[in-house]
Amino acid sequence: MSSASTSRAMLKTLSVVKKVKMGKRVEKILKDKGGSTSAQDNGDDDPNKTPEPYICTGIFEADFTEFCRRNLLKDNEIPAVVIRPKPPCAQAPPDNKSKDSKDSNASKDPTPDEGVDAANQEEAPPKTYVTKDKYAYFRPVVQVEMENEDKPTTVTEIYIRGWKVDSLMVGIFKQCWPIIEKLSVVNLWNVNLSEDVVKEFASFLPQCQNLKTLVIDGTWCPEEPWSLLIGEDSLLTSLSLRNNGITDKGAVMIGKALSTVKSSNKNLVSLNLSGNKITDVGAVAIANGLRMNRVLLSLSLANNNVSDEGAKKLGEVLSRFPLTHEEVVERRKLLSEKGSPDQGLLKSPPPSRRDRDRPGSVRSSSHMDKTDKKRDKSSKKKDAKKDKDDTTKGKKEDKWKKGGGSRTSLVGAVSQPTANADTMSTKTSKGKKTSSKDKRVPESDSPEILEAINPLLEQVESMDNQLWIPGNRCLINLNLSRNKITDTGMKGLLLAVQYQITLLNLAPSPAMKGILRMSLTGNDVKKTDETYVKLQEVLLARDPYYKPPEKGGGDNQSLAG
């Protein structure tokens, strides 16, 4: 017994010694950790220490929150990033077969307990709305939509509703938005933007390569710098500025941003200016912006103060108009820079004074040297092409030898482009090899690419000592509803549409079909007015969504009645 007790005592002492040693080690480790953490805390609290630069991850929520914290915003002041709520989907109708089977089973095996449980069971809350805590609805949030909610890097749309976006917040957006690869829509409503904030938006929005749609509605800005959003560097294709209190001051700047004599917006397709305070002055400025713009397809000036003068100016721009002095000068510059494609082949340069004095067979030495150099270069190029063509042409070699690559053959090629195009398309379709001059993609494989032609280079017509050109036929949708247009303005719009139809019948163009839809309801004209009725009939025939009633439909209904 004594030996057992002594062994137990020895074990207890050993365990106590181990615990003491472990405790000292733990204390030492904690002291070391505490010292390091305190040193880190002191370093973090040091205001002179510059924080490490943050590298964006492409996850909008994480990047936005981090930049807000770095700008000394508290956690309760940082707007939450939430998924945009969607309307509840309609429930699928119950299956009649399953319902009948359930009824049959209930009739075969009645269970009274289930009926009691169903009666006592509480009714489930409706799914048409979501309840929130007190004042949570009024806290600022950033709503987003994603392609895949499981992947936070797939943010495609951003919505901000009812809270002020100041310079601090737009600076954070400037760092976050360009990193989001799939961001295509930004929708702002009642965000109280200042002039500096709009300028900041205009400076970094072109960096968002896929951002095409910008909506800023219900936001008043006294300086009205909205034209900065559609500058030359803008990539936006759709811009909505509804109910922003835009006056003629902002409309004039927007008209200049659409186009001037020397520049034009090349990306904007849709512009919505409804619900503002634009009068005839602003409408005339926007119409002048459409003179040289051939990209905009849809324009809305609904619910403004436009009257007959603005409607007439829009009708003039849509039909045909005379060129101003500045436009005529610019047209001459473009023609001189472009030159005629046949000028170098069909016409020789005018002789100089020295050449006039010489006989026709004698030329100057400098002129002979230049012609010799040109001949040497052309002969070298022809020899190289012949070497390549010898391996690929075969039977075509004899034809090219007959032509000899002479000047007359080139002139014939220029004077008859359509015939050559037809022969080349048939040769390529048969699978034969062609020379480098004749290589073209078959019509079936190449998509139709329509080059934008400067309106100043279109065919002109001289009348009353002025040059007239066809108007804007690229605009296909015009909304002028709820304005102050009378029958006088309707006549100008009717003449414009009729002129476009006549021009389209004479020279059909797939890219310039003219006005297809025009909304004119709610103006100062009676619905029974002759001009208004005729304009509606013409527009109804051009509306691509209009389906005429079937001929037999009325007879069937009358017989059924």
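Over segment 459-513, average the accessible area per residue using a 1.4 Å probe and give it in Å², no decimals. Could the numbers behind the result be given before it?
On the way: 2880 Å² over 55 residues.
Value for segment 459-513: 52 Å² per residue.
Please list THR247, THR156 from largest to smallest accessible area, probe radius 1.4 Å, with all protein chains kept in place.
Of THR247, THR156, the descending order of accessible area is THR247, THR156.
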Can you give the extra length, in nm with one decimal, that the chain gains between TYR54 and LYS249 once fully stretched, where that is 0.36 nm per residue apart less the Cα-Cα distance?
66.0 nm
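Could you tally the net charge around ASP529, taking each other residue with its Cβ under 13 Å from the Cβ of ASP529, Lys/Arg +1 and Asp/Glu -1?
On the way: positive: LYS491, LYS526, LYS527, LYS534; negative: ASP487, ASP524, GLU530, GLU537.
So the surrounding residues net to 0.
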Using 0.36 nm per residue, how much length does the chain from THR128 to VAL82 gain when fully extended, once their Cα-Cα distance is taken away?
14.7 nm
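Around VAL170, under 9 Å between beta carbons, what's the net of Lys plus Arg minus Asp minus Glu among the other residues? Spell out each step's value before the answer.
On the way: positive: LYS174; negative: ASP166, ASP196, GLU200.
Result for the local shell: -2.
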Taking segment 202-300, which chymotrypsin sites (Phe, Trp or Tyr not before Pro) meet the DSSP loop condition and have no more than 12 other C-beta atoms within 10 Å?
TRP220
With a Förster distance of 51 angstrom and the Cβ-Cβ distance between GLU337 and VAL281, calculated FRET efficiency to the nearest 0.05 equals 0.90
Inter-probe distance in nm under a simple model that places probes 7 Å from Cα toward Cβ, at THR156 and ASP75
3.4
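Would you work out what percent of the accessible area of segment 234-297, with all protein chains in place, is carbon or sulfur (probe 1.4 Å)?
On the way: 1200 of 2130 Å².
About 57 percent, which is the carbon plus sulfur part of the accessible surface.
List the pairs from LYS151/LYS212; LYS313/LYS534; LYS182/LYS312; LYS338/LYS513; LYS86/LYS534 whose alpha-carbon separation is above 32 Å, in the order I gave them. Each step should come with its number before you reach the end.
Details: LYS151/LYS212 22 Å; LYS313/LYS534 20 Å; LYS182/LYS312 42 Å; LYS338/LYS513 27 Å; LYS86/LYS534 43 Å.
As for pairs spanning more than 32 Å Cα to Cα, those are LYS182/LYS312; LYS86/LYS534.
The values are calculated or read from the model by the stated rules, or taken from the named source; none is laboratory data. Note that this is a predicted model, so its numbers are computed, not measured. Cβ: placed from backbone, ideal geometry, glycine included. Neighbour counts: every protein chain shown. The accessibility values were calculated without ligands, DNA or RNA, using every heavy atom of the protein model including side chains. Shrake-Rupley method; radii C 1.70, N 1.55, O 1.52, S 1.80 Å.
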